[in-house]
Each structure stands twice: as C-alpha cells, then as structure tokens.
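What follows draws every value from the coordinates through simple rules; no lab data is involved. Since the structure is predicted, the reported quantities are computational estimates derived from the model, not experimental observations. Note: ideal-geometry Cβ built from the backbone for every residue, glycine included; neighbour counts use all protein chains shown.
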Amino acid sequence: MNSSPLVQITGNVCVALAAFVFLLPLQRVVWNYASKYLSDDRWVTPVLYSLIPLWLLLMVGLLCMTAIGGFDSLRLGRPLLYALTVGASVALATVTFVFIALYIRPGFTPRVIYTPGIYLIPSATGLLVVLSLNQKLAPGIPIHWLRWPWTIFAALSLVACLGFFGYRFVTTGFGGMADFAHRLLNARNYTAEHLAKIAVLDPQQDFTDLLRYANQYQSDAVREAATTRLRSRADFIDALAELLKSHSPETGVDFLPSATLSADEQKRLALPARTALERVIDDIPAPNYITRERQKQLLKWGRKAFPVIIGKLTGTDVDFSKVMPAFEHALRPDDTRR
C-alpha cells in the first residue's frame, strides 16, 4: 500500500476523533438512558447525535484506507470500492444502533449479549483503519486477520440492511419509509404529555388507564404521578383487589411489580394477587395453539414479573409455592428438566 501523508493524517485524525466521540459522548448517553429502563423512545435522538458523527468519522477513515488500496485485494474497481465503503459504513452504523437500542431496552433479555456489538464494531473498524494507514510504523503486524473478518461482517450487515429497508419500501412505499425516518429522527420525551393526561384522569372512572401509567414500563415521573392519582381514591386497594379477582387482571398484574405496598396492603392484596396469577396461567393457550415466539415472550415476562410479585407478598399467609411451577408447566408441559 502507498500512503500519501495527507491521506494518512486525515484517516488517523478521523479515527482519533471517532474514539473520543465513542468513549465520551456516546458512552455517557448509553449508560445514562440504560440506567432508566425507558419505556419510550426519548433516547433515540441523543444516541443519534453521537452515533452519526462517530460513523461519519469512521467512514472518512475507511475512505482513506480505500484510497491507499486497503481493499484492493477484493479486485474491484476503485469507484465501486468507494461506494461499497460508504454503504458498509452506513450498514455498520445501523447495526451498532440496533445493538444500542437492544441494550437500552432489552426487554427480558440480558444486556450483556448486546455489549460486544456496541464495542467491537466501532473498535474493530477504527483499529483496521489505523493498522492499514500506518504499516510503515508497524511493518511486522499482519492485518489480514482483522481485514477479512471485518469485510465479511460488513458485507453481511450491508446485505441485511438492504434487505430490511428494501422490504420496508416494497410493503409501505416511499410514504412509509418517510414516516419511519421522521419518527426515528423526531423521537421525543413523552413524559410531559403523559403527566398532562394523568392530571385529568378520574381515579374512579379511569382506574385502569391510571394503572397503565403506573406500571413498571413507565418512567419514574409518570409512574409516581399516576400512583399519587390512584391513591387519591379512598378505596384504591379494594378497587385493585377487585380488578385482580376479575376475568381480566392483566393491568393489575403489570402494576404490582413496581407498587410500593404497606404490610397491611400486602395482606389485603395477597390472595387477589395469587388469584390473578392463577387466572393468567389458566388463560395461557395450549402449546399447539400458541406460536413459538409468543411462548418465549410469555416465559420471559412471567419469569421476570411473577417472582417480583411473589417476593412482595411472601410475608403474608398466602401460599404462592405452586404458582411458578404451574406457570412453567403451562408453557413447557413436556420439559423433563423440572
């Protein structure tokens, strides 16, 4: 590879700036929003404000690498290589964004499985550029061990992104794609809107709506405001107990994991809560009437929510020992490991 000083300096500076963006602004935003377990998309815009500059800088570094022949082993024309470099950069930025999204809002999956994608993709890209541009400084370091895995992963990412956005375009048209981009770029904090709605909801007439705002999936401010509104109702615990004993207790079940209950309230809600959990279990369809994906979703949800609810009410005289085995059996009746 023949590296001109200007190309080499430009590529190295871009990687250095990308490392700064990655280590400070992006990491701070990701950790800040991940710690809040957000149930909305207010994190999208701050993440994009750091992620887009990061990958623009890395893309310039990759273009510098292409300019000195870093991808000439692919035996493609230089214009096509430039185009593929830009496409691969966009695809890798998209994949990085997906990993960050899954890390911030992991659902019922462990965050640790998304961490490698967040760190390895930008780091490997920056390292590839630096090693390619500075071969004279480290002539004994082979880079094919990094270049080929990176190229294969970038190619797969590019194909996956083209497939996804192509499918979206075919199924929704240009208008659907524009709406998708608009929603992504204009994601905002809905807390103020939710708080305004909560202020006008009637604890008597809008009881279940307030419970939805007070469940574990809402932000702290929204949950606290909704809970305060709910507790302004004199018979709040009685109303919650009646809901838990009803034929549709799901709203009450979703509320319990985040609820703060006194000892007396725990005693009054223990039996209705067990009834609600048993109702939920009884309503689970037979294995041949439920999709594999839905089965996984229910398992993840129940394994997270049920133990929290049971833990809150363990100090009462109500026996919850059969709830989790019944839940597991309902979704995995043929599992012999239990």
Notebook entry, point to check: Translational D (Stokes-Einstein, µm²/s) of region 5-185 at 20 °C and 1.002 mPa s when Rh comes from the Kirkwood sum over C-alpha pairs?
Noted result: 123
Margin query: With the crude spin-label approximation of a point 7 Å out along Cα→Cβ, what separation in nm comes out for D209 versus K300?
Written below: 3.0
Notebook entry, point to check: For region 306-333 and region 89-136, what is the separation of their C-alpha centers, rounded to whole Å?
Noted result: 39
Note to self: Sequence gap at least 6, Cα distance under 8 Å: using those rules, report the relative contact order of region 24-130 to the nearest whole percent.
What the structure shows: 32
Margin query: Taking semi-axes √(5λ) of the Cα gyration tensor in Å straight from the coordinates, which label in (1) 51, 23, 19; (2) 46, 29, 19; (3) 37, 31, 16 is the correct one?
Written below: (1)
Check: Nearest 20 debye, what's the magnitude of the dipole of the chain about its Cα centre given +1 on Lys and Arg Cβ and -1 on Asp and Glu Cβ?
Finding: 1000
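Could you give the length gained on full extension between V159 and K322, defined as 0.36 nm per residue of separation minus the Cα-Cα distance, in nm?
Net length gain for the segment: 53.9 nm.
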Note to self: As I understand it, the dipole of region 5-185 uses +1 on the Cβ of Lys and Arg and -1 on the Cβ of Asp and Glu, about the Cα centre. Which of L127, G175, Q8 lies farthest toward its positive end?
What the structure shows: L127
Checklist line | Per-residue [θ]222 nm for the chain (sum of -39500 (n - 2.57) over DSSP H runs n ≥ 4, rounded to 500) | finding: -23000 deg cm²/dmol
Item checked: lysines whose Cα lies under 16 Å from that of K304, excluding same-chain neighbours fewer than 8 positions away -> K296, K312
Checklist line | P(r), alpha carbons of region 250-338 - 10 Å bins starting at zero, rounded % | finding: 16, 50, 26, 8, 0
Margin query: If I fit a long axis through the Cα atoms of helix 115-133 and take the longest principal axis of the Cα atoms of the chain, what angle between them do I get, 0 to 90°, rounded to 10?
Written below: 10
Check: Given labels modelled 7 Å from the Cα in the Cβ direction, how far is it in nm from R292 to Y82?
Finding: 4.6
Note to self: Please list, in order along region 212-219, the HN-Hα scalar couplings obtained from phi with the Karplus expression 6.51 cos²θ - 1.76 cosθ + 1.60 (θ = phi - 60°), rounded to whole Hz, x for Gly and Pro.
What the structure shows: 5, 6, 9, 7, 5, 8, 8, 5
Item checked: For region 235-331, with +1 on Lys and Arg beta carbons and -1 on Asp and Glu, the positive-most of T251, Q295, F327 along the dipole -> Q295
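Return the FRET efficiency for the residue pair V170, N32: r is the Cβ-Cβ distance, R0 is 41 Å, and the value is rounded to the nearest 0.05.
That gives a FRET efficiency of 0.65.
Which of the peptides 162-175, 70-83, 201-214 is most tightly packed, and how do the rest follow, going by the mean number of other Cβ atoms within 10 Å of each residue?
Numbers: 162-175: 10.9, 70-83: 13.7, 201-214: 17.4.
Top to bottom by mean Cβ count within 10 Å: 201-214, 70-83, 162-175.
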